[in-house]
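> Please find one structure pasted underneath; my questions will follow.
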Amino acid sequence: MAVERTFSMIKPDATRRNVTGAITAMLEEAGLTVVASRRVWMSRREAEGFYAVHKERPFFGELVESMSSGPTVVQVLQGENAIARNREIMGATNPADAAEGTIRKAFALSIGENSVHGSDAPETAAQEIAYWFSETEIVG
Ligand code: DAT
Ligand code: MG
């Protein structure tokens with residue numbers, strides 16, 4: 001597997017509890033390198049655009065509300081098999097199902113406030129990276 005990039009976000013529930021460093025350490029310990037990072041308080045419109053794929057879901061309003069409720073940390077992660085590796089270290093969407101040792105097991109409060117986002121495929125990784133970063137901001 002070649003080195004690839006994925007998009008990661010530390011969500012407002014986690015920035016509010018001041019655990020962005022602890023979460024980033026878990027990403028780094030999993031073999032991922034942070035090659036771009038920025039703190040951003042997204043607008044409702046930015047959250048709606050970012051999560052457009054979920055716009056028909058019953059939880060969409062709640063999701064947009066919570067993602068625009070405080071600062072997030074948007075990141076590009078790089079490493080071998082980075083997309084799958086990041087999903088693995090994140091853990092299941094619902095923290096009740098998340099495995100021991102995962103970020104969501106350690107930090108998530110609920111299915112809605114689950115501390116981190118990670119791209120799920122090469123196409124979404126490319127789209128999500130481009131949504132938040134220009135190529136010159138990514139230093140691999
Ligand atoms: P993931 O973030 O693991 O990729 P997803 O893409 O299915 O999960 O959903 C995106 C986010 O939407 C998820 O991180 C939290 C929120 N969400 C998903 N299912 C939900 C539900 N049943 N109730 C409330 N929020 C939900
Ligand atoms: Mg998803």
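Taken together, the values in this text are just the output of simple stated rules run on the coordinates, not laboratory data. Computed from a predicted structure; not experimentally measured. FYI the Cβ positions are ideal-geometry reconstructions off the backbone, even for glycines, and counts take in every protein chain you see.
> In the chain, once you exclude exposed chymotrypsin sites (Phe, Trp or Tyr not before Pro) (DSSP loop, at most 14 other Cβ within 10 angstrom), what's the longest stretch remaining? Numbers along the way, then the final one.
Working: sites that count: 41, 59.
Longest site-free region, per DSSP loop and neighbour criteria: 60-140.
> What is the Å³ per residue value for the convex hull set by the Cα atoms of the stretch 41-140?
On the way: hull volume 11.3 nm³, N = 100.
Taking the convex hull of the Cα positions in the stretch 41-140, it is 113 Å³ per residue.
> Output wanted: per-residue J couplings in Hz (rounded whole) for the stretch 20-36, from phi through Karplus 6.51 cos²θ - 1.76 cosθ + 1.60, θ = phi - 60°, x for Gly and Pro.
With coefficients 6.51, -1.76 and 1.60, one gets 5, x, 5, 5, 4, 4, 5, 5, 5, 5, 7, x, 9, 10, 7, 9, 7 Hz.
> Just tell me the longest site-free run in the chain, where the sites are GluC sites (Glu not before Pro) in a DSSP loop having at most 14 other beta-carbon atoms within 10 Å.
Details: sites that count: 56, 100.
After excluding every exposed loop site, the longest remaining stretch is 1-55.
> Once Lys and Arg get +1 and Asp and Glu get -1 on their Cβ, which of 108, 68, 132 lies farthest toward the positive end of the dipole of the stretch 55-140?
Value: 108.
> A further question follows. Relative contact order of the stretch 43-117: what whole-number percent is it, with Cα pairs under 8 angstrom and at least 6 residues apart?
On the way: 64 pairs, mean separation 15.5, N = 75.
Over the stretch 43-117, the number comes to 21 percent.
> Place a point 7 Å from the Cα of residue 33 along the Cα-to-Cβ direction; which residues of the stretch 111-140 have their backbone N under 16 Å from it?
So the set is 137-140.
> For the stretch 1-99, what is the charge dipole size about the Cα centre, in debye to the nearest 20, if Lys and Arg each add +1 at the Cβ and Asp and Glu each add -1 at the Cβ?
Numbers: 12 positive and 12 negative charges, 67 e Å.
For this selection, approximately 320 debye.
> How big is the Kirkwood radius of the stretch 57-99, worked out from every pair of different alpha carbons and given in Å to one decimal? Let's see the in-between values first.
Values: mean 1/r = 0.0782 Å⁻¹.
That comes to 12.8 Å for the stretch 57-99.
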